[in-house]
1. Could you tell me which numbered condition residue 30 fails, if it satisfies all but one of (1) more than 15 Å from the chain's Cα centre (by Cα); (2) part of a helix (DSSP H, G or I)?
2. Residues of the range 82-99 being in contact (Cβ under 8 Å) with a residue 40 or more places away in the chain and of a type in the set (A, V, I, L, M, F, W, C), which ones?
3. Take the range 40-72 and flag every residue that is of a type in the set (Val, Ile, Thr) and touching a helix residue (DSSP H, G or I) at 6+ places or on another chain (Cβ under 7 Å).
4. Whether any residue in the range 67-82 is surrounded by fewer than 17 Cβ atoms within 10 Å (Cβ to Cβ), closer than 30 Å to residue 130 by Cβ and β-branched (Val, Ile, Thr) is what I want to check.
5. Report, ordered by the first and then the second residue, all pairs with beta carbons closer than 9 Å, sequence separation of six or more or different chains, a first member in the range 1-25 that is farther than 21 Å from residue 105 by Cβ, and a second member that is of a type outside the set (D, E, K, R) and in a loop (DSSP other than H, G, I, E, B).
6. Given the structure, is residue 102 β-branched (Val, Ile, Thr), surrounded by 14 or more Cβ atoms within 10 Å (Cβ to Cβ) and in contact (Cβ under 8 Å) with a residue 24 or more places away in the chain?
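The values are calculated or read from the model by the stated rules, or taken from the named source; none is laboratory data. None of the values given here were measured: they were computed from a predicted structure. We place every Cβ from the backbone using ideal geometry, glycine too, and count neighbours over all the protein chains shown.
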Amino acid sequence: MNIESILAGKGRDVRTIAPGEKIAEAVRRMRQERVGALVVLEGSPQAIAGIVSDRGILWALADHGVKILEDEVRSIMSSKVVTCVPEDHVSAIMGVMTQRRIRHIPVVDHEGRLSGIISIGDVVKHRLDEIQLEADELREYISGSR
């Protein structure tokens with residue numbers, strides 16, 4: 001299965017933020033929108049400049065205290081963003097997430113435009129659904145052969 005199969009089920013909506021927004025606004029938006037990361041977009045046309053996650057914000061708070069909340073998102077965003085394309089295999093992306101210890105990967109089209117986002121939760125749900133389907137097919141095969 002590929003990433004497109006996940007996007008077909010969950011949708012392509014991506015929460016974004018500008019690099020000049022305050023970190024406090026990123027926190028508020030993550031809470032309000034119930035997401036663990038925001039893709040940072042800038043320029044015209046808009047391009048991925050980075051990603052800011054709840055983990056990154058927590059580490060910044062631990063290192064710098066609450067005053068960091070008034071700084072701009074660009075000060076803590078990860079600018080080296082790992083992306084994938086819809087044709088990538090889910091198992092390959094799962095491996096990247098595990099190896100690099102990242103929980104969110106933006107999906108881009110072949111022109112590099114943002115077209116979705118995949119979380120580790122999406123990947124795990126997809127894999128569990130695959131396992132359930134395989135188990136159901138085996139049960140049907142076994143019960144049909146008796």
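1. Of the numbered conditions (1) more than 15 Å from the chain's Cα centre (by Cα); (2) part of a helix (DSSP H, G or I), the odd one out for residue 30 is (1).
2. Matches in the range 82-99: 84, 85, 90, 93.
3. The answer is 40, 52, 57, 68.
4. Taking every residue of the range 67-82 in turn, at least one turns out to be surrounded by fewer than 17 Cβ atoms within 10 Å (Cβ to Cβ), closer than 30 Å to residue 130 by Cβ and β-branched (Val, Ile, Thr).
5. Listed by first residue and then by second, the contacts come to 23/76.
6. Numbers: β-branched (Val, Ile, Thr): yes; surrounded by 14 or more Cβ atoms within 10 Å (Cβ to Cβ): yes; in contact (Cβ under 8 Å) with a residue 24 or more places away in the chain: no.
So residue 102 does not fit the description; no.
Here is a yes/no grid of residues against (1) among the small types (Gly, Ala, Ser); (2) part of a loop (DSSP other than H, G, I, E, B); (3) surrounded by 13 or more Cβ atoms within 10 Å (Cβ to Cβ); (4) at pLDDT 95 or above:
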site: 94; (1), (2), (3), (4): no, no, yes, no
site: 110; (1), (2), (3), (4): no, yes, no, no
site: 116; (1), (2), (3), (4): yes, no, yes, yes
site: 129; (1), (2), (3), (4): no, no, yes, no
